[in-house]
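The values are calculated or read from the model by the stated rules, or taken from the named source; none is laboratory data. Everything quoted here is computed from the prediction, not taken from an experiment. Ideal geometry is used to build each Cβ from the backbone, glycine not excepted, and the neighbour counts take in all protein chains shown. Side chains are part of the model used for accessible areas, which takes the heavy atoms of the whole protein and leaves out ligands, DNA and RNA. Shrake-Rupley method; radii C 1.70, N 1.55, O 1.52, S 1.80 Å.
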Amino acid sequence: MTGAIKVIGIGDDGRRSLLPQYERWIEESQVLVGGKRHLAFFPDYQGEKVEIAGGLKDVVQRLKEETRPTVVLASGDPLFYGIGGYLAKHMPVEVYPNLSSLQLAFARMGESWQDAYIHSVHGRPLTGLAQRIDGRHKVVLLTDETNSPRAIGAYLKKFGMTEYKAFVAENLGGEEERTGWYTLDEMMEQTFSPLNVVVLKRSGSSPQWPLGIDDEAFAQRKPDKGLITKKEVRVLSLAQLALRTDSVVWDIGTCTGSVAIEAARLAREGAVYAIEKNEGDLELCRRNMLTFRTDFVLKHGKAPEGLEDFPDPDAIFIGGTGGNLDVLLNTCASRLKPDGTIVLNAATIETLSQALSVFKALGFATQVTQVQVSRSKPILNMNRFEALNPVFILRAYREGSDKT
């Protein structure tokens, strides 16, 4: 063996999955590192066994200090959501992959996988999954005991994603391997092995919504409809936020959630955090989230209280201030990432003036767009224009950032 640490992928069938050269390297090593299940494949190993039982930080430190020939065992392809990528960031390693769970699952399906969207919910919350996968043709989900196929089926059913059917592959390559197709309802009724991969395949059409969803499509207060960021203003405000697919977004005063929902669909690989002080509006927002297949963190509170629970944002939309404008803007400015953007919608000159003063004191650059929109409305056999309330869209960002 050379002095470099070897990271070797192993299948669920243990030693039978290894090439002869890989077995030889393991036999020649003096330290064998891996999970309990992996180490159990080598009961007669003559060297020292090191079980990975917790975090990887201690393992890395141990490996950095190790001078003896060492092999690390990992499931399938160590560089596919495995330990190999983590180790390679911290030390020189040689990686020798086995077949990944993804490859085996698609082999059992008899389908290609280069066009699949891959996402891991292993050790992660399902929050945000709806907008990430909505409308995609093939989706691979790497699961865990909490985010099991049953839990995934219930989650998708909640968002009405019944156009998907699921292929669940359990214990791939092992003696207890089982694979099969399920509807969401069938998947919710089954019990599956903890070692599984879920492949979702769209068998019907998915609903589509353009940027600028019609106001009438959102559940709103009755009879006093209108507490919603109107479509035209919403589209312009979203443009000013300059969202990326992975942006972290705050929506303060989300109300019906129209901006948060469209932001979640634009930043589908990121995350949206919304806060609203009125309980009735929270329920409307939840209904709209299900309708438009978006899943984000929604909190009841009056900002800035409650914002401490949110991660630092790339973009902040402020649709309502609740009268705490100075404190709110100072809080937002202190948490905004260096190249981030704040967009505030103001319906009055006083709010605009106050916001401009605060941002100036904070050293932020600002741009203001006044939006005056009129929509056509039938009258007899003709049409006239009916004006919406004018709105000021204020964009603020730090001087010297790439927004200038």
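Worth pointing out:
- The set of residues in segment 377-404 that are hydroxyl-bearing (Ser, Thr, Tyr) and either modelled with pLDDT of 95 or more or in a helix (DSSP H, G or I) (or both) contains only TYR397.
- Looking only at segment 1-55, residues that are of a type in the set (D, E, K, R) and part of a loop (DSSP other than H, G, I, E, B) come to 3 in all.
- The number of residues in segment 184-209 being under 30 Å from ALA263 (Cα atoms) and assigned to a loop (DSSP other than H, G, I, E, B) comes to 7.
- Positions within segment 88-144 being within 27 Å of GLU23 (Cβ to Cβ), open to solvent by 50 Å² or more (accessible area, probe 1.4 Å), in contact with a helix residue (DSSP H, G or I) (Cβ under 9 Å, 6 or more places away or on another chain) and assigned to a loop (DSSP other than H, G, I, E, B), in sequence order: PRO97, LEU99
- Qualifying residue in segment 305-317 (condition: open to solvent by less than 20 Å² (accessible area, probe 1.4 Å), among the aromatic types (Phe, Trp, Tyr) and not in a loop (DSSP other than H, G, I, E, B)): yes
- Qualifying residue in segment 12-34 (condition: open to solvent by less than 30 Å² (accessible area, probe 1.4 Å), within 30 Å of GLU177 (Cα to Cα) and touching a Lys or Arg at 6+ places or on another chain (Cβ under 7 Å)): yes
- Pairing each residue of segment 359-376 that is farther than 19 Å from THR341 by Cβ with any residue that is among the aliphatic types (A, V, I, L, M) and surrounded by 12 or more Cβ atoms within 10 Å (Cβ to Cβ), provided the two are 6+ apart or on different chains, yields C-beta distances under 9 Å for GLN372/LEU388; GLN372/VAL391; VAL373/VAL233; VAL373/LEU388; VAL373/VAL391; SER374/LEU388; ARG375/LEU388.
- Selection status of ARG221, basic (Lys, Arg), in a loop (DSSP other than H, G, I, E, B) and surrounded by fewer than 19 Cβ atoms within 10 Å (Cβ to Cβ): yes
- Once segment 350-395 is narrowed to residues that are of a type in the set (Ser, Thr, Tyr) and farther than 25 Å from LEU227 by Cβ, the residue that is least open to solvent (accessible area, probe 1.4 Å) is THR366.
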